[in-house]
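Right, one structure below, let's go through it.
Quick note: the coordinates plus some simple rules give every number you see, no bench work behind them. Quick caveat, the model's predicted, so the values are computed rather than measured.
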Amino acid sequence: MYESYEYLLIERRGRVLVVTMNNPPLNPMTPRLHYELSTIFRDIQRDDDTAVVVLTGADRGFSAGGNINSLIAGLDDQARWQRGIGEVREIIFGMLDCDKPIIGRINGHAMGLGSSLAVLCDITFMAENAKIADTHIKLGLVPGDGGALLWPLLIGLPKAMEYLLTGDVMTGAEAARIGLVNHAVPAEELDAKVFALAERLACGPLPALYATKRALALQRNRMVKDLLDAHLGLETLTHLTEDHREAALAFRDKRDPVFKGQ
C-alpha cells in the first residue's frame, strides 16, 4: 500500500504506523513531500492493519514548512500555486477524516505548514526545546492552511492573535503551557512517551476508540471544512501582493524585507 512513497518513511510497529517526513535535516516541503502528505492519510484510513498513527520528522526537525525555492517558483506560476492549495486542502481533510488517532511526535522545529501539521494531530508530544511558529505573516501571507482556524480553538483568540499576527516563535515548553500541544518533554524521553501512549491506544477497543475520536472532532471538523476554502482564498489574495513577493525574495537573499503595504 505504501510502496510508492518516497519522502515519507513508513514503519509498522505492531498496529502503530509511524509516518516520518524525510527531507532532513529540517524536512521542508518539496513538491513530492507535499503531494505525498495529501494522499497518505486517505491510504491510512483504508489500512485495516493500522490502529494508531505517529507523525514525525527525520533527523532534527519536524517540518520547517514551505520550501523557499518552491515559493519563489510559484510567484508567477498561478497553476503551481493552485495545485499546491488543492494539496493543502487534501492534507487537512485527510487528517480530519482519519478515524485512527494521530499522535504528533514533534521532535524539532515545526514552522509554517509544519506547525499546522502539528496542531492537526490529535495528541501531541513535543521536545521541550524544539521551536514552533506559524510564520506565514513574515512571508506576507495569511496563515490559511489551518493556523488561523486551529490556533484559536487550542489557545484562545487573544493568544492566537498575538502569535499569528507576529509570527513569533515559542518553545515546546511554552506551547504546552498555553495548550497548543499536549506535552513538552526532554528530547531523550520523547520516544518513550509517544510510543507508550500509541501502543496503549492500539490495544484498546478500536471501534469505540475511532467513534470517540469522531465524536470529539465533529464540531472542529465541521468548522474547519466550512471555512477552509475561505481561508485558502484569503491566503491566495495575499500570495498575489507585492509584499509577499518582497518577503519571499528577501528571505532568499537573507535580508530584511521592505514592505510597502501593497
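For the range 108-254, the relative contact order comes to 30 percent (Cα pairs under 8 Å, sequence separation of at least 6).
Considering only ALA51, ALA247, ALA118, the mean-square fluctuation computed in a Gaussian network model of the chain, springs between alpha carbons under 10 angstrom, is largest for ALA247. Rounded to the nearest 5, the antiparallel percentage of DSSP beta bridges internal to the chain is 30%.
By a straight-distance test (C-alpha under 23 Å), which lysines pair with LYS213 as possible cross-link partners, with residues fewer than eight away in the same chain excluded? Within the straight-line limit of under 23 Å, LYS213 reaches these lysines: LYS100, LYS193, LYS225.
What shape does the chain take by its C-alpha gyration tensor, where a ≥ b ≥ c are the square roots of the eigenvalues and a/c under 1.5 counts as rounded, a/b above b/c as prolate, and the rest as oblate?
Verdict is prolate for the chain.
Computed per residue of the chain from DSSP H runs no shorter than four, each worth -39500 (n - 2.57), the mean residue ellipticity at 222 nm is -16500 deg cm²/dmol. Taking ILE68, ILE91, ILE103 in turn, the Gaussian network model of the chain (Cα-Cα springs below 10 Å) assigns the largest fluctuation to ILE68. Lysines near LYS138 by alpha-carbon distance under 17 Å, same-chain residues fewer than 8 away left out - which ones? Answer for LYS138, where 17 Å is the Cα cut-off: LYS254, LYS260, listed by chain and number. Here the range 122-185 has an Rg and Dmax of 11.2, 33 Å, counting Cα atoms alone.
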